[in-house]
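This report concerns only the one structure given below.
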Amino acid sequence: NDLLKEGTNTLAIQVQNDGINSSDLSAIFFLSVGIKNNIRDYSPTPEWFQAPVFLQHSDLPIIKINTNNQIILDDPRIVASMKITNNEGINSVEDTPNEYDGRINIELRGSSSQRRFNKKSYSFETQLPNGDNNNISLLGMPAENDWILYGPFSDKTLLRNDLVFHLSREMGQYAVRTAFCELLINDQYQGVYILMEKIKRDKNR
């Protein structure tokens, strides 16, 4: 309210391209206003308008994490629930989870990336209801309980780490297996992430 003044109010939006030699630029803006009284009449919302939704459907698996309003910290881990939908075709946020639906504990991952990057990465363990480890296969990877959700914030292609891991495996060297996914935390869309195996020694890693 302290930003709105009597009379004409101007909303200025500045869009900056990634570089001076970039050949294209696009932006879509939405202004949402709440009306709390009926002093003035406003036109109804056009039928063609749909409120912006970051994620409705995707051909990537969808991971939904519910922290029950807890903040995910660097330490200690918090208990949360996770649901994964991984259909052969299109996935929807409304689909019944068919890959995982259970307990996890989760924490922030990384050091400088926690402070510098808006897109956080996470470490989590799949757990049984009593808190014991739940070794389970996720997105086609061998069963384990230690996993990473990597948010490639500084890599705008989202591909570099995944590509290098893939090339290493193709050459017969060890590298963690990966799978792209869409992530929601407490129903807030976080973006495209990479589900990764945590580096450790076991029969499959």
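Is the shape of the range 126-177 best called rounded, prolate or oblate, per the rule: a/c under 1.5 gives rounded, else a/b larger than b/c gives prolate, else oblate, with a ≥ b ≥ c the square roots of the Cα gyration tensor eigenvalues? Write down the numbers at each step before the final one.
Working: a/c = 3.71, a/b = 1.66, b/c = 2.23.
The shape class here is oblate.
Solvent exposure of T157, expressed as accessible area, is near 70 Å², computed with a probe of 1.4 Å over the protein chains only.
Peptides 127-133, 161-167, 13-19, ordered by how many other C-beta atoms sit within 10 Å of their residues on average, highest first, read 161-167, 127-133, 13-19. When the residues Y150, Y189, Y100 are ordered by accessible surface, computed with a 1.4 Å probe over the protein chains alone, the sequence from largest down reads Y189, Y150, Y100.
Ignoring the sites themselves, what is the longest stretch of the chain with no GluC sites (Glu not before Pro) in a DSSP loop and at most 12 other beta-carbon atoms within 10 Å? Counting at most 12 other Cβ atoms within 10 Å as exposed, the longest clean stretch of the chain is 95-205. Accessible area per residue for the chain is 71 Å², calculated with a 1.4 Å probe on protein heavy atoms, without ligands, DNA or RNA. Going by alpha carbons, how many degrees (0 to 90, nearest 10) lie between the helix axis of 160-170 and the longest principal axis of the chain? The angle comes out at about 20 degrees. Per-atom-type breakdown for the range 104-176 gives carbon and sulfur 50% of the accessible area (1.4 Å probe, protein chains only). Labels on offer are (i) 11.6; (ii) 18.0; (iii) 10.8, and the one holding mean projected area of the Cα convex hull in nm² computed from this structure is (ii). Computed per residue of the chain from DSSP H runs no shorter than four, each worth -39500 (n - 2.57), the mean residue ellipticity at 222 nm is -2000 deg cm²/dmol.
Tell me, what is the percent relative contact order of the range 102-205, built from C-alpha pairs under 8 Å that lie six or more residues apart?
The value is 21 percent.
Quick one: compute the contact order of the chain, relative version, from alpha carbon pairs under 8 angstrom and 6+ residues apart, as a percent.
Normalised by residue count, the contact order of the chain is 16 percent.
In this structure, the pairs whose alpha-carbon distance is over 24 Å, taken from K64/K119; K119/K203; K83/K203; K119/K198; K83/K156, are K119/K203; K83/K203; K83/K156.
The values are calculated or read from the model by the stated rules, or taken from the named source; none is laboratory data. What you see is a predicted model, and the numbers here were worked out from it, not measured in a lab. Counting neighbours? That spans all protein chains shown, and the Cβs are built from the backbone with ideal geometry, glycine included. Surface areas here come from the heavy atoms of the whole protein model, side chains and all, with no ligands, DNA or RNA. Shrake-Rupley method; radii C 1.70, N 1.55, O 1.52, S 1.80 Å.
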